[in-house]
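The values are calculated or read from the model by the stated rules, or taken from the named source; none is laboratory data. Given the structure is predicted, the values throughout are model-derived calculations rather than measurements. For neighbour counting, all protein chains shown are included, and Cβ atoms are generated from backbone atoms with ideal geometry for every residue, glycine included.
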Amino acid sequence: MGIGGLLAIVVLLEFGKGPDTDGFFAAYGSYAVLLTVAQSLRASVVARLVEHGTLHENLDRFLGAAALVFLASGVVLVGLGRPLADVLTGNLGNEARDAAQTALAILWLAAGAQLVAALAAATLAVRGQFALPGLAYVLGGLTSIAFVLALSGAMGVDAVSVGVAIGSALTAAAMLLQLMRAGYRPSRALVRRHGVAGAIWVIASGSIGSLSLQFGYVISLAFAARVGAGSVTLYTYAFFAAALLIGAIATPSGIVLAAPVASTWDRRPATLEPHMLAVFRVGLTFAAPLIAAAAVAGTEVVDLVLGSSLTHSDAVTLIGTFMGLSGLIVAMIAVPLPLLAAFSRSRYLAVAVVSLVTVGIQVALCELALQLDWLEAIAIAASISSIVFLGFLLGLLYEGWPGRALLTHAREVVLIAMPATLAFGPAALAGLAAGGAWRLLWAALAAVAYVVMVRALLPEHWALVQRVVAPIAEWRRAPARAA
């Protein structure tokens, strides 16, 4: 996720903010729908991979299904690329539309590689192997950045799509090679294998929960395009920052816990509650200071890193939009375990229904937000719909009104908001008085104060943080002991 954030910064530094970047990011939003399908497979198909038949037979079945999904998506992204680009770019002009159409065709190839990579990663996860997939994704991301820098002069913004496609192919190849070293050999007739239709249903329905976030993003982009030129690019960077936090804090819990929940959970909400609370607590503990630091000194960071590409007014809008997405970040931290629970109970259709309802709610909220002609309002609409989606998932888990569960989550938000407010509130006031680079110093001091307060006031949260950090510290000490 960090490499993805670095790629986004490279794109802005190389190409700035204009119709071509608006067109590319509009297309990237559609590609990201397929990317989200791929990433959700790392959790949603694990239970099905360990069911009837061998692991490799089940992998073949899902690879065949993924091939059909890839071909069907080509009809939309490539065959209908022109009208889709028209819809995505709105009234941004021909340059944005042409950039979007080209990006859709190239990113379609990247999407195919990502589907293969995700299924390979899920199979390795069943074997308890998480390090290689992580390294493969990092290697692919670094390769993408290298190709963007190498090709930007000759290809313009199209270099980003080409770089992403090459990096995605490398990621998939690395994991397939590891599986083949373990004895896997792909079937010569993947798409004709028995059960492919059922596998397609699992891919589609199992992804719909995660897709609600991505569909919401695409909807937000379409409304942002109506705010004005450059708004798509600014919203994209705010959303990327939010997605970076979600991916680093929330997504790993879904990936790591998918197999244990599928194989050992007794399907009772009460036995899942302690794990949900632990995941939510540790996620909030890490996310709160980052969101608060953005409020205190985010504009200065944007000016410092991207000052040559964005105006100060753009930086203020970007940070305001990111703050509007804070509710989305909080909701997505809580989503993985209720979503895994629904998958383990085979409640795919129910998840699909509540996801579609949530998307409808977001469309209505964005229409209201657009009346304000304010990009931040579109972000707030996305946050509200994400919280509604969490409520729906908790309702599925408890098979009824999730009032008590929502109150428990709200209580945790209040608990972690106390040290965050006590630490960063004075820093925000001092930053307003001092301004400029002093805000960075105040934000750093507030982060230290936050750590001290969490340790003193919230011992259970602190213990969870130590459990997360301990393996990293142990890994760093290992080479020293070996030497």
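So the values come out like this:
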{"quantity": "Where a residue in the stretch 379-392 is without any contact (Cβ under 8 Å) to a residue 24 or more places away in the chain and its partner, wherever it lies, is not small (Gly, Ala, Ser), with Cβ under 7 Å and at least six apart", "calculated": "391/402; 391/406"}
{"quantity": "Residue count, the stretch 320-350 (criterion: within 18 Å of the chain's Cα centre (by Cα) and part of a helix (DSSP H, G or I))", "calculated": "18"}
{"quantity": "Any pair with Cβ under 7 angstrom, 6 or more apart, that starts in the stretch 331-354 at a residue that is basic (Lys, Arg) and ends at one that is assigned to a helix (DSSP H, G or I)", "calculated": "347/396"}
{"quantity": "Failed criterion for residue 224 (all others in (1) at pLDDT below 80; (2) under 26 Å from residue 287 (Cα atoms); (3) touching a Ser or Thr at 6+ places or on another chain (Cβ under 9 Å); (4) among the aliphatic types (A, V, I, L, M) hold)", "calculated": "(1)"}
{"quantity": "The stretch 174-191, residues that are outside any helix (DSSP H, G or I) and either touching a Pro at 6+ places or on another chain (Cβ under 6 Å) or modelled with pLDDT under 70 (or both)", "calculated": "188, 189"}
{"quantity": "Residue ID - nearest to residue 171 (Cα to Cα), chosen from residues in the stretch 111-127 that are surrounded by fewer than 24 Cβ atoms within 10 Å (Cβ to Cβ) and in contact with a Gly (Cβ under 9 Å, 6 or more places away or on another chain)", "calculated": "113"}
{"quantity": "Residue that is nearest to residue 334 (Cα to Cα), among those in the stretch 368-383 that are surrounded by fewer than 16 Cβ atoms within 10 Å (Cβ to Cβ) and not charged (D, E, K, R)", "calculated": "368"}
{"quantity": "Residue, modelled with the highest pLDDT, within the stretch 192-204, restricted to residues that are surrounded by fewer than 21 Cβ atoms within 10 Å (Cβ to Cβ) and in a helix (DSSP H, G or I)", "calculated": "200"}
{"quantity": "Of all residues in the stretch 216-246 being more than 27 Å from residue 390 (Cα to Cα) and of a type in the set (Gly, Ala, Ser), the one that is surrounded by the fewest Cβ atoms within 10 Å (Cβ to Cβ)", "calculated": "228"}
{"quantity": "Condition broken by residue 423, with the remaining ones in (1) buried (at least 21 other Cβ atoms within 10 Å of the Cβ); (2) farther than 11 Å from residue 289 by Cα satisfied", "calculated": "(2)"}
{"quantity": "Whichever residue in the stretch 134-180 is closer than 21 Å to residue 26 by Cβ and of a type in the set (S, T, N, Q) and, among such residues, is surrounded by the fewest Cβ atoms within 10 Å (Cβ to Cβ)", "calculated": "152"}
{"quantity": "Search result, residues across the stretch 233-268 that are aliphatic (A, V, I, L, M) and at pLDDT 80 or above", "calculated": "234, 238, 241, 242, 243, 244, 245, 246"}
{"quantity": "Count of residues meeting criterion [surrounded by fewer than 22 Cβ atoms within 10 Å (Cβ to Cβ) and within 27 Å of residue 115 (Cβ to Cβ)] in the stretch 10-30", "calculated": "1"}
{"quantity": "Filter result for the condition that a residue is touching a helix residue (DSSP H, G or I) at 6+ places or on another chain (Cβ under 9 Å) and free of Cβ contacts under 8 Å to residues at least 40 places away in the same chain, over 434, 447", "calculated": "434"}
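Each row is one residue, and each column tells you yes or no for (1) within 16 Å of residue 34 (Cα to Cα); (2) in a helix (DSSP H, G or I); (3) within 20 Å of the chain's Cα centre (by Cα).
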| residue | (1), (2), (3) |
| --- | --- |
| 95 | no, yes, no |
| 136 | no, yes, yes |
| 163 | no, yes, yes |
| 172 | yes, yes, yes |
